Amino acid sequence: MTRMRPMRSEDLEWVARSEREIREFAWGEIQFADSLAAGHLCRILEDGQKALGYAVVMQVLDEAHLLNIGIARAEQRKGLGAFFLEQLCEQMAQSGAASFFLEVAVGNAPALRLYQRLGFETIGRRKAYYPATGGGREDALVMKRDLSGC
Ligand SMILES: CC(C)(COP(=O)(O)OP(=O)(O)OC[C@H]1O[C@@H](n2cnc3c(N)ncnc32)[C@H](O)[C@@H]1OP(=O)(O)O)[C@@H](O)C(=O)NCCC(=O)NCCS
């Protein structure tokens, strides 16, 4: 059964390796370790036998901020990202968050489509927010979902 569980320090090597496989400008193991140490909501999506994905969410008062989400390359396009994000929304609503915010690179079509499908709306744009292939910078869209229905 696919379920979400807390990320542990034993997961960090797999998480960082998976991140390198799916993102050009990947977080290193140290950033995930710092997130655990900071008390952010760090979760692993697993099927009971193996890890399928990972996510980091920071909560500030009644705002949740998605800092990272990834589904292992071999597991993508199976509906897991949508399932995971919906679970995270429910968890954050239960933790008292009223809104869920995230940033996504304008060129990250899979993530953008996922977020739109899950009810996130674009509320702003940050110029040259992310490093881009070829040494340039890429804008980020700021997106928000109201968690009151969760
Ligand atoms: C973004 C990501 C988490 C999506 O995970 P996933 O498990 O593949 O997503 P799902 O299978 O649940 O797909 C949900 C919807 O997202 C969109 N989507 C997912 N992958 C897509 C792709 N490669 N191209 C276009 N749309 C895509 C589609 O709308 C899809 O619905 P559909 O399959 O019914 O058309 C995954 O692609 C990933 O880990 N990417 C690398 C890390 C990353 O970019 N994270 C986001 C940082 S902001």
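The values are calculated or read from the model by the stated rules, or taken from the named source; none is laboratory data. Bear in mind that the values here come from a model prediction, so they are computed numbers and not experimental data. Heads up, the Cβs are rebuilt from the backbone with ideal geometry, glycines too, and the neighbour counts pull from every protein chain shown. In case anyone asks, the SASA skips ligands and DNA or RNA and just uses the protein heavy atoms, side chains included. Shrake-Rupley method; radii C 1.70, N 1.55, O 1.52, S 1.80 Å.
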The relative contact order of region 9-150, taking Cα pairs under 8 Å that sit 6 or more residues apart, comes to a percentage of 18 percent
Cα-centred dipole magnitude for region 19-105, charges only on beta-carbon of K, R (+1) and D, E (-1), debye, nearest 20:
260 debye
Relative packing of 100-113, 2-15, which averages over residues the other C-beta atoms within 10 Å, highest first:
100-113, 2-15
Proximal charge balance of Ala82 [Cβ under 11 Å; K/R count +1, D/E count -1]
+3
The chain, Cα convex hull volume normalised per residue, Å³
113 Å³
When the charge dipole of the chain is computed with +1 on Lys and Arg Cβ and -1 on Asp and Glu Cβ about the Cα centre, the Cα farthest towards its positive end, among Gly79, Leu36, Ser148, belongs to Gly79
I'd like to know which of Gly70, Gly135, Gly53 lies farthest towards the positive end of the charge dipole of region 1-140, counting +1 on Cβ of Lys and Arg and -1 on Cβ of Asp and Glu.
Gly135
Of the accessible area of region 1-48, with the probe set at 1.4 angstrom, what percent is carbon plus sulfur?
46 percent
When we measure straight from the Cα of Lys127, which lysines land under 21 angstrom away, once same-chain ones fewer than 8 places off are left out?
Lys144
Please report the antiparallel percentage of DSSP beta bridges with both residues in region 3-146, rounded to the nearest 5.
90 percent
FRET E, pair Glu10, Met58, Förster distance 30 Å, beta-carbon r, rounded to 0.05
0.85
